[in-house]
Amino acid sequence: MRTQWCLTSIFVASLMALVSVSATAQLNLANPNSFLQGTYRYTMVVTCSSSSEFTALPDLRPIGGGSAATSHATGLITYDGRGHAAVDERGILISPGPYPSDALAEHTTIGPIVYDTKHCNWTYTVNGNRTFTQGGDCRGFDRTGPELFGIPDEQVDITNTRLEGQIGAGGLVLIWNGVAPTIETLSTNRGFTTKRVCGYSGTAVLVGPQ
């Protein structure tokens, strides 16, 4: 009798656990974004081609000349499990140069080196295969850079960033890259505006609760 009672109890407990897991799975399927939550530390390399304008796809040529720059950044990105992400980043931007020939008597051939910080409010969407897209707008400040161009303390706004990525097993690691060509807009409080097309490559590891 005791053995039968024990077997019945085990069966009921197992059934309840199965129902609980099933409900959780349904919840996650109803809200795939819940697969991605927590705080991640990331490192990222960004290379951008900038111009006042670009021709339409598939041509995508810079109009009126252009320039290129590469930045190396690190930061924290926090996903809330409901499709919103907050980003805090700092990094070094290196331009290949040269400075404008009439700006410096020494005709410097290396471009500006700028240290900046930025905050971004992004949205994200997780797919059933654990790929995801993310992006939005950012506001940053150039902390150091050539005073000749008024760079220190310059405010920089970047719009229309679009990235795609993959969630690793257990959600411990993320990778992402730039989605096929997206034209971003960069503008500053000094009155400078440019369009840019960027390539992104980032890796992130979980450092906070999921």
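The values are calculated or read from the model by the stated rules, or taken from the named source; none is laboratory data. Since this is a predicted model, take the numbers as computed values, not measurements. Quick reminder, even Gly has a Cβ in these numbers, built from the backbone with ideal geometry, and neighbours come from all protein chains shown.
Where in region 136-210 are the strands (runs of 3 or more DSSP E), entirely inside, with at least 1 residues that are touching a His at 6+ places or on another chain (Cβ under 8 Å) and either outside the structural domain of L60 (by TED's automatic domain parsing) or not aromatic (F, W, Y) (or both)?
Numbers: elements: 154-167, 173-178, 183-188, 193-206.
Correct list: empty, since no element meets the threshold.
Could you pull out the residue among T185, T144 that is at pLDDT 90 or above, of a type outside the set (D, E, K, R) and surrounded by fewer than 18 Cβ atoms within 10 Å (Cβ to Cβ)?
Working: T144 fails: at pLDDT 90 or above.
Sole residue among the options that is at pLDDT 90 or above, of a type outside the set (D, E, K, R) and surrounded by fewer than 18 Cβ atoms within 10 Å (Cβ to Cβ): T185.
Considering only residues that are modelled with pLDDT under 90 and crowded, with 19+ Cβ neighbours inside 10 Å, which ones fall in region 30-40?
Once the filter is applied, which keeps residues that are modelled with pLDDT under 90 and crowded, with 19+ Cβ neighbours inside 10 Å, region 30-40 yields nothing.
Would you check if there is a residue in region 153-170 being under 18 Å from F35 (Cβ atoms), at pLDDT below 95 and not hydroxyl-bearing (S, T, Y)?
Here is the first cut: in region 153-170, the ones under 18 Å from F35 (Cβ atoms) are 163-170.
When the remaining residues are screened for being at pLDDT below 95, the result is 169-170.
Filter once more, keeping what is not hydroxyl-bearing (S, T, Y): 169-170.
Within region 153-170, one or more residues are under 18 Å from F35 (Cβ atoms), at pLDDT below 95 and not hydroxyl-bearing (S, T, Y).
Any residue in region 47-71 that is free of Cβ contacts under 8 Å to residues at least 60 places away in the same chain and assigned by TED's automatic domain parsing to the domain that holds G202 sitting within a Cβ distance under 7 Å of a residue that is of a type in the set (S, T, Y) and loosely packed, with under 14 Cβ neighbours inside 10 Å? List the pairs, counting only those 6 or more apart or interchain.
Sorted first by the residue in region 47-71, then by its partner, the pairs are R61/T55; I63/S52; I63/T55; G64/S52.
Go through (1) closer than 17 Å to S71 by Cα; (2) modelled with pLDDT under 95; (3) within 12 Å of the chain's Cα centre (by Cα) for C138 and report which single condition fails.
So the condition that C138 fails would be (2).
Being modelled with pLDDT under 95, outside any strand (DSSP E or B) and more than 15 Å from G135 (Cα to Cα) is the requirement here; does A56 meet it?
Values: modelled with pLDDT under 95: yes; outside any strand (DSSP E or B): yes; more than 15 Å from G135 (Cα to Cα): yes.
When the stated conditions are applied, A56 passes them.
With respect to G75, determine if the residue is in a strand (DSSP E or B), out of contact with any Pro (no Cβ under 8 Å at 6 or more places or on another chain), at pLDDT below 90 and not aliphatic (A, V, I, L, M). Spell out how you get there, then give the answer.
Working: in a strand (DSSP E or B): yes; out of contact with any Pro (no Cβ under 8 Å at 6 or more places or on another chain): yes; at pLDDT below 90: no; not aliphatic (A, V, I, L, M): yes.
No, not satisfied.
Just to verify a result, which residue in region 41-55, among those that are of a type in the set (S, T, Y) and within 11 Å of the chain's Cα centre (by Cα), is surrounded by the fewest Cβ atoms within 10 Å (Cβ to Cβ)? Walk me through it before giving the result.
The first filter runs over region 41-55 and keeps only residues of a type in the set (S, T, Y), leaving 42-43, 47, 49-52, 55.
Now narrow it down to the ones that are within 11 Å of the chain's Cα centre (by Cα): 42-43.
On the way: Y42: 19, T43: 14.
For region 41-55, the residue satisfying everything is T43.
Do you know which residues across region 188-210 are crowded, with 16+ Cβ neighbours inside 10 Å and among the hydrophobic types (A, V, I, L, M, F, W, C)? Talk me through it step by step, then tell me what you get.
Taking region 188-210 first, the residues crowded, with 16+ Cβ neighbours inside 10 Å are 188, 194-198, 200, 202-204, 206.
Correct list: V197, C198, A204, L206.
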